[in-house]
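Enquirer: Take a look at this one; I'll ask things after.
The values are calculated or read from the model by the stated rules, or taken from the named source; none is laboratory data. Note that the structure is predicted; figures quoted are calculated from it, not measured. As a convention, Cβ positions derive from the backbone with ideal geometry for all residues, glycine included, and neighbour counts pool all protein chains shown. Keep in mind that these areas ignore ligands, DNA and RNA; they rest on the heavy atoms of the full protein, side chains included. Shrake-Rupley method; radii C 1.70, N 1.55, O 1.52, S 1.80 Å.
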Amino acid sequence: MKTEPGTFSWEDLQKCKKKTTHWEGVRNYQARNFMMHEMKIGDGILFYHSVVKPTAIMGIARVSKNAYPDFFAFDPDSNYYDPKSSFDNPRWFMVDITFERSFRSPLTLDEIKTIPELKEMNLLKKGNRLSIQPVSQKEWNKIQKLRP
DNA sequence: GCCAACGTTGGC
DNA sequence: GCCAACGTTGGC
């Protein structure tokens with residue numbers, strides 16, 4: 001899961017009550033569908049800081065609640081308000097995520113690029129803009145070895 | 001700050 | 001259903 005640390009950072013997550021937050025504001029259908037259909041309680045998450053250098057995976061979080069309606073879409077005062085999403089027919093969904101552990105040092109995009117096993121990661125693909133991306137088992141295992 | 005990539009919108 | 005215009009993302 002990608003986030004701009006200026007909006008919501010790895011440190012912010014650790015300051016949350018129970019180190020848990022709802023992942024509101026996803027307004028892309030592919031990312032939404034992935035949350036709705038693929039992400040389940042207990043699944044591992046690589047938490048990635050985009051835009052602000054050094055861009056890097058900061059650590060591991062877990063899905064702690066399956067997808068449910070993103071209620072920020074119902075709030076006219078929210079930046080994430082979407083009048084086309086209603087309580088009865090919600091268009092946008094979110095999951096809850098919980099902090100698990102920080103990497104000793106962030107796994108930077110530059111480092112990821114040097115690792116042959118991670119060459120196929122969605123993160124490295126040109127034009128990739130999706131804020132939530134699947135990670136293969138192989139990639140996951142390799143990253144655990146790099147940052148035990 | 002630039003710009004490629006790409007998703008969304010809306011007129012037709 | 002097409003596609004031009006527009007907005008956003010995000011690495012560089």
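Enquirer: Using alpha carbons only, how many degrees (0 to 90, rounded to 10) separate the axis of helix A:137-146 from the longest principal axis of chain A?
Expert: 60
Enquirer: Which net charge results for the neighbourhood of A:Arg147, defined as the other residues with beta-carbon distances under 11 angstrom from its beta-carbon, given Lys and Arg at +1 and Asp and Glu at -1? Please report the intermediate quantities before stating the final value.
Expert: Details: positive: A:Arg101, A:Arg104, A:Lys142, A:Lys145; negative: A:Glu111.
So the surrounding residues net to +3.
Enquirer: Sticking with this structure for a sec: At 7 Å along the Cα-to-beta-carbon direction for both A:Glu111 and A:Arg91, put a label point, then send me their distance in nm to one decimal.
Expert: Here the answer is 4.0 nm between the modelled labels.
Enquirer: So, one more: Less than 19 Å apart at the alpha-carbon level, and either on another chain or at least 8 residues along: which aspartates and glutamates does that give for A:Lys113?
Expert: Here the aspartates and glutamates satisfying the reach criterion relative to A:Lys113 are A:Glu139.
Enquirer: Collect residues whose amide H, placed 1.01 Å from N in the peptide plane, falls under 5 Å from the amide H of A:Phe93; neighbours closer than 5 in sequence don't count.
Expert: A:Asp70
Enquirer: Another question, if that's okay. Using the structure shown, select from A:Lys17/A:Lys142; A:Lys53/A:Lys126; A:Lys15/A:Lys65; A:Lys65/A:Lys119; A:Lys15/A:Lys40; A:Lys15/A:Lys145 the pairs with a Cα to Cα distance greater than 21 angstrom.
Expert: Among A:Lys17/A:Lys142; A:Lys53/A:Lys126; A:Lys15/A:Lys65; A:Lys65/A:Lys119; A:Lys15/A:Lys40; A:Lys15/A:Lys145, the Cα-Cα distance tops 21 Å for A:Lys17/A:Lys142; A:Lys65/A:Lys119; A:Lys15/A:Lys40; A:Lys15/A:Lys145.
Enquirer: Can you compute the modelled spin-label distance between A:Cys16 and A:Glu4, with each label point 7 Å from Cα toward Cβ, in nm?
Expert: Result for the modelled spin labels: 1.9 nm.
Enquirer: Here is a follow-up. Could you compute the net charge surrounding A:Ile60? Neighbours are other residues with a C-beta less than 14 Å from the C-beta of A:Ile60; K and R count +1, D and E count -1.
Expert: Computed value for this residue: +4.
Enquirer: Another one. Give, rounded to the nearest 20 debye, the magnitude of the charge dipole that chain A has about its Cα centre when Lys and Arg contribute +1 at Cβ and Asp and Glu contribute -1 at Cβ.
Expert: 540
Enquirer: Would you mind calculating the relative contact order of chain A from Cα pairs under 8 angstrom and at least 6 residues apart, reporting the percent as a whole number?
Expert: Dividing the mean separation by the residue count of chain A yields 26 percent.
Enquirer: If you roll a 1.4 Å probe over chain A with all protein chains in place, what percent of the accessible area is carbon or sulfur?
Expert: It is 51 percent, rounded to a whole number.
Enquirer: If you wrap a convex hull around the C-alpha atoms of chain A and split its volume per residue, what is the figure in Å³?
Expert: 119
Enquirer: Out of all DSSP beta bridges with both ends in the range A:1-116, state the antiparallel percent to the nearest 5.
Expert: If we restrict to bridges inside the range A:1-116, about 90 percent are antiparallel.
Enquirer: Right, here's the next one. If you count only protein heavy atoms with a 1.4 Å probe, what accessible area per residue comes out for chain A, rounded to a whole Å²?
Expert: 59
Enquirer: Using R₀ = 30 Å, calculate the FRET efficiency as 1/(1 + (r/R₀)^6) where r is the Cβ-Cβ separation of A:Trp140 and A:Arg27; round to 0.05.
Expert: Rounded to the nearest 0.05, the efficiency is 0.65.
Enquirer: Would you work out if the range A:20-79 is rounded, prolate or oblate? Take a ≥ b ≥ c from the square roots of the eigenvalues of the alpha-carbon gyration tensor; rounded if a/c is under 1.5, else prolate when a/b is larger than b/c, oblate otherwise.
Expert: oblate
Enquirer: For the pair A:Asn128 and A:Ser102, how long in nm is the line joining their label points, each one 7 Å along Cα→Cβ?
Expert: 2.5
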